[in-house]
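This report concerns only the one structure given below.
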Amino acid sequence: TLTSVVEDKEGVIWAGGAYSMIKVDKDSVIDVTNKIPPNTIIFDMHIGREDGKIYLGTADRLITIDGDSVSFLDKTNGVPNAQFWDIYEDDAHEIWLSSAGGGVVKYDNHGIGWFGRNEGLNIESSIQDIVEDKNGRIIFGTELDGYYYYENGLFNKLELPELKDIRTGYSTLYNTEGDLLVLTSSNGSVIWLKDNKVIH
């Protein structure tokens, strides 16, 4: 079962899921499950745009593969919850991790930052997806509490009249220019935002 697919700078496709990971180039499919610990369940994969590292969000840790080197981020690093559903790299090349029921983790060259209730985020609500708008705000779609955005060191609820009845949601960046944001919800709602205004 494969749950995530990414492409690296050389055009090689990496795919992972429940207990397996493969690498696909133009001539072959290679089983690379031996690069990850046994019984690993991969939720999301990301290739670093700048460093080329492979980031794997799993059921119990973040796995980072850099060539033959493998490192881990889990509860032993002080993260309250290490079940990572989504991995997002912003324009500053900082890695954001959504932690199921345990807030948000920022993972960069300066170390590990954890954000929760003290920064204005309802940590009981699982973060489902992360994107960045053209103004540099990081948008988070939560499972039970609508949408939040991160700006100037704090989380704020994305408060728009059209969103007041939406509790469950996923955020998706609509195009590569970053000027149109589409917020989708498991209750069937689709909201299009441009310059923080609902246009559809």
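The values are calculated or read from the model by the stated rules, or taken from the named source; none is laboratory data. Worth saying up front: this structure is predicted, and the values here are computed from it rather than measured. With ideal geometry, Cβ positions are generated from the backbone for all residues, glycine too; neighbour counts draw on all protein chains shown. Keep in mind that these areas ignore ligands, DNA and RNA; they rest on the heavy atoms of the full protein, side chains included. Shrake-Rupley method; radii C 1.70, N 1.55, O 1.52, S 1.80 Å.
May I ask you to list the residues in region 36-51 that are under 17 Å from the mean Cα position of the chain (by Cα), open to solvent by less than 50 Å² (accessible area, probe 1.4 Å) and either of a type in the set (A, V, I, L, M) or under 18 Å from GLY111 (Cα atoms) (or both)?
Once the filter is applied, which keeps residues that are under 17 Å from the mean Cα position of the chain (by Cα), open to solvent by less than 50 Å² (accessible area, probe 1.4 Å) and either of a type in the set (A, V, I, L, M) or under 18 Å from GLY111 (Cα atoms) (or both), region 36-51 yields ILE42, MET45, ILE47, GLY48.
Could you tell me which residue of region 95-110 is most open to solvent (accessible area, probe 1.4 Å), considering only residues that are under 13 Å from ASP60 (Cα atoms) and modelled with pLDDT under 85?
For region 95-110, the residue satisfying everything is GLY101.
What are the residue pairs meeting all of these: first residue in region 145-161, first residue under 22 Å from ASN187 (Cβ atoms) and of a type in the set (A, V, I, L, M), second residue assigned to a loop (DSSP other than H, G, I, E, B) and open to solvent by less than 30 Å² (accessible area, probe 1.4 Å), Cβ atoms under 8 Å, and 6 or more apart or on different chains?
Between residues of region 145-161 that are under 22 Å from ASN187 (Cβ atoms) and of a type in the set (A, V, I, L, M) and residues that are assigned to a loop (DSSP other than H, G, I, E, B) and open to solvent by less than 30 Å² (accessible area, probe 1.4 Å), the close pairs are LEU158/GLY146.
Tally time: how many residues in region 54-80 are buried (at least 18 other Cβ atoms within 10 Å of the Cβ) and part of a loop (DSSP other than H, G, I, E, B)?
Counting residues in region 54-80 that are buried (at least 18 other Cβ atoms within 10 Å of the Cβ) and part of a loop (DSSP other than H, G, I, E, B) gives 2.
Among residues belonging to region 138-152 that are open to solvent by 30 Å² or more (accessible area, probe 1.4 Å) and at pLDDT 80 or above, point out the one that is nearest to LEU73 (Cα to Cα).
TYR150
Kindly establish whether ASN122 is surrounded by fewer than 17 Cβ atoms within 10 Å (Cβ to Cβ), at pLDDT below 90 and assigned to a loop (DSSP other than H, G, I, E, B).
So ASN122 passes the test.
Mind listing just one residue for me: the one in region 81-94 that is outside any loop (DSSP other than H, G, I, E, B) and not β-branched (Val, Ile, Thr) and, of those, most open to solvent (accessible area, probe 1.4 Å)?
TRP85
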